[in-house]
Amino acid sequence: MMTLSEVVTMVGRVDRVELTQWIEAGWVMPERPEPEEPRFSDLDIARVCLICDLRHDLAVEEETMPLVLSLLDQIYVLRRQVNALTAAIRQQPDDVRQAILDLLEQPRRRGGSLG
Amino acid sequence: MNDDLYATIGVSRDASQEDIKRAYRKLAKELHPDLNPDKPDVAERFKKITAAYDILSDPEKRGRYDRGEIDASGQERPQYRYYRDFAEDPAAGRYYSREGFGDEEQLHDFLEGLFGRGGRGSRVRARGADVSYTLPISFLEAAKGAKKRVTMGDGRTIDLTIPPGVHDRQMLRLKGQGMPGFDGGPPGDAYVEVHIQPHPFFERKDHNVHLDLPITLTEAVLGGKVEVPTIDSPVTMTVPKGSNTGTVLRLRGRGIVDQRSGQRGDQYVRLQVVLPETPDPELEAFARRWAETHAYDPRADLRRPS
């Protein structure tokens, strides 16, 4: 866990003022959010780096950031769900997995000739 | 790592700082690992373009690179782990609940939707499967449109409308005629691929109809009115005097309707001079007499060196 100053030093692309604004906007939610002495986990630091990339390198506008972060967060939620589902399917017997595979691979059934 | 940094970003050596920035942003939007959680291999490329950009975006470092004083090695940013490496940990849930996604709750709702657990009445409603069929139709049914009564795979009979101008292998969609849905879900669709059978004398090219029309020797020499079949009723066409085998006449607007524009194509009639089926002594005598004073060479072209 790192303090705000440590994060600023380590990341090197954001200052205290900006990082504090990101926390206030809810873009970054330190694992220990005490306003006086917030502490950042590796997850939070990776997110700070991502926001630096988006804001500074990719020039995403400040007012667009909530949209971008929201979409990204939704993608990661969906990925977790797909992964959970995949793990559950992997543990099924062969015939169940095959039945699921058949359904996914053949969304359209062959109905033969009408004439 | 001695790659050409300009090539890495995809700009020429004389690119302006602004060009470099623009090129980098474009690539980074495409290749940022956190924007591509499905593609593990973009991280390596992203690292390279970022390292290249770190040098080229700084005019002083760029100058030293151009003079060969530094190369790309050792210039990479301190390697941090990407957000995507953490984003699927349970701890990341606090970022999702911010969006009103209760984390564990969210997964629970998702499973409920899948398996109808929890007794909230959310059974598994699912759309039925689509079914595809093939349907042979005649040339004229395709050209003019038709209604066809067909029996679906499950025994139901439906009246299928074939629009005029349908083309070979075109897929007709019958909404809701596929497999039934589950638990109140909507049925799937039926897709019917039409296979157009060839016609004994009409041939189709796009929206035009082509036909070989046999004519008599007399009609060819003297001209005259002949009856020509079209995809509708036969029409009367004037054969000009002195027509020959291979002469092509056009019947405007007698072709097939273009589904997009609504315009009809044309019918092209290619004339074929046909002698009487049984040899005729009178015609032979005439031909012999006529040829004595009317020699002509229809094969001159074949002897011309190409």
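The values are calculated or read from the model by the stated rules, or taken from the named source; none is laboratory data. Just so we're clear, the structure is a prediction, and the values are computed from it rather than from any experiment. A quick note on method: Cβ atoms are made from the backbone with ideal geometry, for glycine too, and the neighbour counts reach across all protein chains shown.
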- Message: Please verify whether B:GLU76 is more than 30 Å from B:GLN197 (Cα to Cα) and at pLDDT 75 or above, treating the condition exactly as stated.
- Response: no
- For the subset of the stretch B:267-291 comprising residues that are touching a strand residue (DSSP E or B) at 6+ places or on another chain (Cβ under 9 Å) and assigned to a loop (DSSP other than H, G, I, E, B), which member is farthest from B:SER243 (Cα to Cα)? B:PRO276
- Does A:SER70 count as within 17 Å of B:ASP34 (Cα to Cα), of a type in the set (S, T, N, Q) and either within 7 Å of another protein chain (Cβ to nearest Cβ) or loosely packed, with under 11 Cβ neighbours inside 10 Å (or both)? yes
- Message: Being free of Cβ contacts under 8 Å to residues at least 60 places away in the same chain, facing chain B (nearest Cβ under 10 Å), part of a loop (DSSP other than H, G, I, E, B) and among the hydrophobic types (A, V, I, L, M, F, W, C) is true for just one of A:ALA84, A:ALA59, A:ALA88, A:ALA46. Which residue is that?
- Response: A:ALA59
- Query: Which condition number in (1) within 13 Å of chain B (Cβ to nearest Cβ); (2) of a type outside the set (Val, Ile, Thr); (3) in a loop (DSSP other than H, G, I, E, B) is the one that A:LEU103 fails?
  - Reply: (3)
- Item | Matching residues, the stretch A:7-25, being within 12 Å of A:ASP44 (Cα to Cα) and at the interface with chain B (Cβ under 9 Å from one of its Cβ atoms) | A:VAL11
- Message: If I ask for residues that are crowded, with 16+ Cβ neighbours inside 10 Å and away from chain A (no Cβ under 13 Å), which ones from the stretch B:15-41 would you list?
- Response: B:ALA15
- Item | Condition met for A:GLU62 (under 26 Å from B:GLU30 (Cβ atoms) and surrounded by fewer than 16 Cβ atoms within 10 Å (Cβ to Cβ)) | yes
